[in-house]
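S.K.: Quick one: this structure, given as C-alpha cells, is what I'll be asking you about.
The values are calculated or read from the model by the stated rules, or taken from the named source; none is laboratory data. It should be emphasised that the depicted structure is a prediction, and the values quoted were computed from it without experimental measurement. Cβ placement follows ideal geometry from the backbone for every residue including glycine, while neighbour counts extend to all protein chains displayed.
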C-alpha cells in the first residue's frame, strides 16, 4: 500500500520519465573527476611524474658523464640548460610512458566499471549511455592533459634550479633563447597532446569492448609499440607515413631558429583522423553493447 501511494504521488512526464528529471544532471563531470583523482593509481601516477625529473637529474648528477662531448643528440645536451632538460625528458618518455598514461586513463575508464559490476547500475540510475561515455572520456582527457603538462612543468623547474635559464640548443647547432624555448615547449605539449589522441580513441574503444581494464590498456600500448617497430623498417618506404606514431617526435622541429611545421601538420592531421575513427567506433559499440556487468 505504501509503495502504491508513493507511485501515485510521483509525477511522470509525457515520455514516462519522472518530472524534473534531466539527463544533463546525471554523472556531473566534477563527480567523475573526483572519483578518478581519489583512485590510488591516479595518485601514484601523479606522484611518479613529479618524482621522475628528479630521478633523471640524479642519474646525470651521480652517473659517469663526459661534459666534453655534447654533440651526440638531445641526451648529450640534456644538462646544457633547463629547456634542454625538458626536451630530453619528453624524448625519454615519448615512446612508452606518455602513450601508456593516455591509454591508462582511457582504457580503464569504462572497463573498470564493468569489472566492478557497477556499469549496469550507473546506466540504471539512469545515466544515458551517450552521456556516461562522454563524461568518462572528458574526465580521462582532462587527467591525461594534467599529466602531460605536469611532467614538463616539473622538469622545467628542476632544470632551472640545477642547469640555469640558458639557450635551448639542438643537435644541429641551432640555439633558441630561453624565452622562445618556453613558447616552443608550450607548443610541444600541445602537439604531443594532439598526437596522442589516437591512443585515447583506441583505448576507449577497447575499454567499451572488453570488461578487462588491463586488456584495454595493454592493447592500446601494444599497438603503439608495434607501430613504432614498423616505423623503424625503412623498407616500408612511404607506407610509414600512415603509421600513427610516425610523426610522434615531430615537435622536435620546434627547437630551431627556422621552424618547419610540415611534419607537425601531418602528424596532427593523422592523429585526429585515427582518433575520429576510434571514437566513432567506441560510441557505436557502447550504444549497442549488451551490458551485463
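S.K.: Report yes if some residue within segment 190-205 is loosely packed, with under 14 Cβ neighbours inside 10 Å and assigned to a helix (DSSP H, G or I); otherwise report no.
M.R.: No.
S.K.: Out of segment 118-177, which residues are outside any helix (DSSP H, G or I), surrounded by 14 or more Cβ atoms within 10 Å (Cβ to Cβ) and free of Cβ contacts under 8 Å to residues at least 40 places away in the same chain?
M.R.: 177
S.K.: Take the conditions at positive phi and modelled with pLDDT under 95 and apply them to residue 173. Does it pass?
M.R.: yes
S.K.: If you don't mind, another one. Is it true that some residue in segment 230-243 is in a helix (DSSP H, G or I) and buried (at least 18 other Cβ atoms within 10 Å of the Cβ)?
M.R.: Yes, there is a match, as at least one residue in segment 230-243 is in a helix (DSSP H, G or I) and buried (at least 18 other Cβ atoms within 10 Å of the Cβ).
S.K.: Look through 44, 88 and report the one residue that is closer than 23 Å to residue 251 by Cβ, assigned to a helix (DSSP H, G or I) and at pLDDT 95 or above.
M.R.: 88 is the lone residue from the list that is closer than 23 Å to residue 251 by Cβ, assigned to a helix (DSSP H, G or I) and at pLDDT 95 or above.
S.K.: Can you tell me which residue is farthest from residue 215 (Cα to Cα) among those in segment 107-117 that are touching a residue at least 12 places away in the same chain (Cβ under 8 Å) and not in a helix (DSSP H, G or I)?
M.R.: 117
S.K.: If you don't mind, there's one more thing I want to ask. Of the residues 290, 253, 260, which is crowded, with 18+ Cβ neighbours inside 10 Å and free of Cβ contacts under 8 Å to residues at least 12 places away in the same chain?
M.R.: 253
Every residue, every condition in (1) over 18 Å from the mean Cα position of the chain (by Cα); (2) over 18 Å from residue 134 (Cα atoms); (3) in contact (Cβ under 8 Å) with a residue 60 or more places away in the chain, yes or no:
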{"residue": "203", "(1), (2), (3)": "no, no, yes"}
{"residue": "229", "(1), (2), (3)": "yes, yes, no"}
{"residue": "246", "(1), (2), (3)": "no, yes, no"}
{"residue": "286", "(1), (2), (3)": "yes, no, yes"}
